[in-house]
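Here the structure is laid out as structure tokens; the discussion comes afterwards.
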Amino acid sequence: MNPVKQFVVDALSVRVYGQQSEMAHGAAREVHAYLCDTIAQQGRAHVILATGNSQLLFLSQLAAMNGLDWSKITLFHMDEYLGISPSHKASFRRYMRERVETVVKPGKFHYLEGNAAEPIKECERYTRLLREKPIDLCCLGVGENGHIAFNDPPVADFADPLAVKIVELDHACCMQQVGEGHFPSLEAVPKYALTLTIPMLCSAKKMICLCPEKRKAQAVKDALTGPISTACPASFLRKQAHCTLLLDTDSVSLL
């Protein structure tokens, strides 16, 4: 399942697949090979994973591939709603437990506790865990408003001194959460979240970004053809030579 088109925008490598399932398979195959090599070379791997509908096929295909020693992999996730319980159906901890941890049984999975009693201290705790070892791989997506993790345009900072911070979610981001079926109404979406910052995400040795579907087409166009600006946080990926952006024909439909 080879891409139908490949090109480079500034420093960013871009691959376009005919359909989302092919994109997910291509990503899973590349991540599998990279993690096997990383473990062979250094004995362990440290990985940041994203949640969201764009990651579902990729994660299921990666988990089904044989030959990867998950016991030697430490996992992190990149965001969580503030104040939400880990049993809530929209919780990213629940997403990761059900789709990743219980399926592949990694050596460790460090969770960002969105309902911690002291969220600032939780950001500091997670920062210490993230910085214990270099991050080998970051797998991420792009939101409809161009966000990466929960770095929405109003709060995105390409030179953020923090690794993890508390942010207010913007209207477009909240609407996406409702549209994807995670919450029944706009009022039900938490107003704040904990998120890894853009510099923290980009500190990984390798980045794989998946952005399928027509609803992401405007974000893809803005990221690849607009200015590199926090108005579209994903545009910063154009400065990341270690990142590959994987798209399908729907998400490139406006290019």
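FYI, it's all coordinate maths here, none of it is from the lab. Keep in mind it's a predicted model, so treat the numbers as computed, not measured. Every residue, glycine among them, receives a Cβ derived from its backbone with ideal geometry; neighbour counts consider all protein chains shown.
Would you report the distance distribution of C-alpha pairs in the chain as whole percents per 5 angstrom bin, up to the bin with the largest distance?
1, 6, 14, 19, 21, 19, 13, 6, 1, 0
Do any of Lys72/Lys239; Lys105/Lys205; Lys165/Lys221; Lys216/Lys239 go past 26 Å between their Cα atoms, and which?
Going by Cα-Cα distance, Lys72/Lys239; Lys165/Lys221 fall outside the 26 Å limit.
On a full-extension model of 0.36 nm per residue, what is the gain between Val103 and Asp157, subtracting their alpha-carbon distance, rounded to one decimal in nm?
16.0 nm
Which FRET efficiency value, to the nearest 0.05, do you get for Arg44 and Glu118 by plugging their Cβ-Cβ distance into 1/(1 + (r/R0)^6) with R0 = 30 Å?
Efficiency computed from Cβ-Cβ geometry: 0.50.
First select every other residue whose beta carbon is under 14 angstrom from the beta carbon of Glu118; then total the charges, Lys and Arg +1, Asp and Glu -1.
Within the 14 Å Cβ shell, the charges total -1.
List every residue whose amide H lies under 5 Å from the amide H of Val164, counting only residues 5 or more places away in sequence or on a different chain, with H placed 1.01 Å from N in the peptide plane.
Amide H to amide H, under 5 Å and 5 or more residues apart or across chains, Val164 pairs with Thr197.
R0 = 22 Å: FRET efficiency of Leu56 with Ser253, Cβ-based, nearest 0.05?
0.55
Provide the gained length on full extension for the span Thr225 to Ser87, in nm with one decimal, where the gain is 0.36 nm per separating residue minus the Cα-Cα distance.
Contour length minus the Cα-Cα distance gives 45.7 nm.
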